[in-house]
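Following: one structure in structure tokens, then a few remarks.
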Amino acid sequence: MLGAPTLTNDRWRAKKIIEVLEREFNIDPNEFIALKAREEGTGIFEALVATIISQNTSEKNSFNAWRRLKSKLKIDPYTLSKADPKTIAELIRPAGLQEQKAKAIVSAAKFIVEKLGGRLEKVLELPVEEARKILVENIPGVGWKTVDVVLSMYGKPTIAVDTHISRVSVRLGFTKTRKYEEVRRKLMELFDPKDYYKVHLLLILLGRRYCKARKPLCKQCPVRSLCPSAVTK
Ligand code: SF4
């Protein structure tokens, strides 16, 4: 039940906001590396590798690093579990933090080969909280956000929260805190599970295009009439 349509009814506002954002934005896989990796890649493992590469850097740098890695090495758990982390680090250098990310990629590949028979897809058969926990606890360098991006993209009911999403969620009045788990839980309460991945992408686009960190462009923002923080004078 959505309840009465008022600015203070969060479920109603959440639904309206996503409707407006869907009309406003075209979701382009060229702006989201994990989405592009799902489209072009060999499966969930490649989406995980692309998401690790994209930690703490721009989409442009991530795409560059991912393409370099793909041009030299086959992105599958068997190949990468045996690869030299230094080789991977050199290939993904454009994304920064390359040594750390290379170690995470090799650790992920080894874990998948040794414990999941080479198929990361196996975690999709588990309940979502169990799948998240297993991946975070067994792959050093892989945190909740990375895991949530990958699992939600493959249909598991979770929402990954990045810096844009936490900022936008506070400004839209959905949460008071930017703490990862609190924002995630609140968004999961507000939105329909079938929309979780779409919500993730649309809130990022809202943050990138209008609800910018320093100077939000409230006057042009398509959801200004639904936002309690809108400054339109
Ligand atoms: S109206 Fe302003 S504060 Fe609200 S979501 Fe839009 S840009 Fe952000």
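The values are calculated or read from the model by the stated rules, or taken from the named source; none is laboratory data. Small disclaimer: the values here were computed from a predicted structure and weren't measured. Note that we place each Cβ from the backbone using ideal geometry, even for glycine, and neighbour counts take in every protein chain shown. Calculation scope for accessible area: heavy atoms of the full protein, side chains included, ligands and nucleic acids excluded. Shrake-Rupley method; radii C 1.70, N 1.55, O 1.52, S 1.80 Å.
Of LYS103, LYS186, LYS110, the order by accessible heavy-atom surface (1.4 Å probe, DNA, RNA and ligands excluded), from most exposed downward, is LYS103, LYS110, LYS186.
Using only side-chain charges placed at the Cβ, +1 for Lys and Arg and -1 for Asp and Glu, the dipole size of the stretch 107-153 relative to its Cα centre rounds to 140 debye. Helix-only arithmetic for the chain: the sum of -39500 (n - 2.57) across DSSP H runs with n ≥ 4, divided by the residue total, places the mean residue ellipticity at 222 nm at -17500 deg cm²/dmol. Ranking VAL170, VAL147 from most to least accessible surface, computed with a 1.4 Å probe over the protein chains only, gives VAL170, VAL147.
Per residue and in cubic angstrom, what volume does the convex hull of the Cα atoms of the chain have? Please list the in-between numbers first.
Details: hull volume 27.4 nm³, N = 233.
Looking at the chain, the number lands at 118 Å³ per residue.
Based on Cα contacts under 8 Å between residues 6+ apart, the chain shows a relative contact order of 18 percent.
Which peptide among 121-133, 157-169, 81-93 comes first, and what is the full order, when sorted by highest mean count of other Cβ atoms within 10 Å? Can you show the working numbers first?
Numbers: 121-133: 14.7, 157-169: 21.5, 81-93: 17.2.
Answer by packing, highest mean first, reads 157-169, 81-93, 121-133.
Taking a ≥ b ≥ c as the square roots of the Cα gyration tensor eigenvalues, the stretch 139-203 comes out oblate, since a/c reaches at least 1.5 and a/b does not exceed b/c.
How high is the relative contact order of the stretch 32-153, given as a whole-number percent (alpha carbon pairs under 8 Å, six or more residues apart)? Mind showing how you got there, number by number?
Working: 155 pairs, mean separation 31.3, N = 122.
Over the stretch 32-153, the number comes to 26 percent.
The distance linking the stretch 82-150 with the stretch 48-64 is 13 Å (Cα centroid to Cα centroid, whole angstrom). Dividing the radius of gyration of the alpha carbons in the stretch 6-88 by their Kirkwood radius gives 1.18 for Rg/Rh.
Neighbours of ASP162 by Cβ distance under 12 Å: Lys/Arg scored +1, Asp/Glu scored -1, total +3. Classify the stretch 79-149: rounded, prolate or oblate, from the alpha-carbon gyration tensor (a ≥ b ≥ c, eigenvalue square roots; a/c under 1.5 rounded; otherwise prolate if a/b is larger than b/c)? Oblate, since a/c reaches 1.5 and b/c is not below a/b.
How large is the Rg to Rh ratio of the stretch 32-153 when both quantities use alpha carbon positions and Rh follows Kirkwood? Walk me through the numbers before you get to the answer.
Working: Rg = 12.8 Å, Rh = 13.9 Å.
Rg/Rh: 0.92.
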